[in-house]
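What follows is a single structure, written as structure tokens, with notes after it.
The values are calculated or read from the model by the stated rules, or taken from the named source; none is laboratory data. Just so you know, these numbers come straight off a predicted model, no measurement behind them. As a convention, Cβ positions derive from the backbone with ideal geometry for all residues, glycine included, and neighbour counts pool all protein chains shown. Accessible surface is based on the protein model in full, side chains and every heavy atom, while ligands, DNA and RNA are left aside. Shrake-Rupley method; radii C 1.70, N 1.55, O 1.52, S 1.80 Å.
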Amino acid sequence: QLRQEITAVLTSAEAEERADEVVLVLNTGGGTVTGYGLAASQLLRLKEAGLPLTICVEQVAASGGYMMACVADRLVASPFAVLGSIGVITEQPNVYERLKREGISFSTITAGKYKRTLTPTKKVDPLDEKKLKSDIEQVLKLFKGFVAQNRPSLDIDKIATGETWFGPDALERNMVDKLATVDE
């Protein structure tokens, strides 16, 4: 849906003749890197077309939400908005021991060394954990690179810790450009 909305704006906006700009109110705690990465890429289409983009965060722009917010030409947050959470997490329950106690065995057949590393029904293998850790570190590297490219004035290594900050602290860290509500 965001793709269609961006396309509609690009079709009707005139950045040069009418000095059109886009103001987006964003409130999200994030989610999958693929989904929010795509959403951020859609917002970049506006900038590539020469349309100034202001993003207003009223409550939260965390994780993938901040990934979207950081592409703004001007990023405004309310004083009590929560921003940041630049990090990656993966969780999976493991019921292998329980199934074993119940006398239930579960087989998974794969082709490809890393097709299935950690699963809920397989005994945890330290090598699989190591591979998964490596995978999510690569995602974090991409995430950090994207934020750093779009907000070069911030110190990415100091904020890409998984922590969140309220508006004034985010402003101090150059994560936002101004503190205000969308009504201002």
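Here ASP20 meets each of (1) charged (D, E, K, R); (2) part of a loop (DSSP other than H, G, I, E, B); (3) open to solvent by 40 Å² or more (accessible area, probe 1.4 Å) with one exception, condition (3). If the condition is being open to solvent by 30 Å² or more (accessible area, probe 1.4 Å) and of a type in the set (D, E, K, R), then region 139-157 contributes LYS141, LYS144, ASP155, ASP157. For PHE80, the criteria (1) touching a residue at least 24 places away in the same chain (Cβ under 8 Å); (2) of a type in the set (Phe, Trp, Tyr); (3) over 24 Å from VAL25 (Cα atoms) hold in every case but one, which is (3).
Somewhere in region 27-47, is a residue crowded, with 17+ Cβ neighbours inside 10 Å and under 30 Å from LYS123 (Cβ atoms)? Yes, some residue in region 27-47 is crowded, with 17+ Cβ neighbours inside 10 Å and under 30 Å from LYS123 (Cβ atoms). Scanning region 158-184 for residues that are under 16 Å from the mean Cα position of the chain (by Cα), over 28 Å from TYR114 (Cα atoms) and open to solvent by 40 Å² or more (accessible area, probe 1.4 Å) gives GLU163, THR164. Only one of the listed residues (ARG74, ARG101) is touching a Pro at 6+ places or on another chain (Cβ under 9 Å) and open to solvent by 10 Å² or more (accessible area, probe 1.4 Å). That residue is ARG74. Picking from residues in region 4-17 that are closer than 12 Å to GLY50 by Cα and either free of Cβ contacts under 8 Å to residues at least 12 places away in the same chain or in contact with a Gly (Cβ under 8 Å, 6 or more places away or on another chain) (or both), the one that is least open to solvent (accessible area, probe 1.4 Å) is ALA15.
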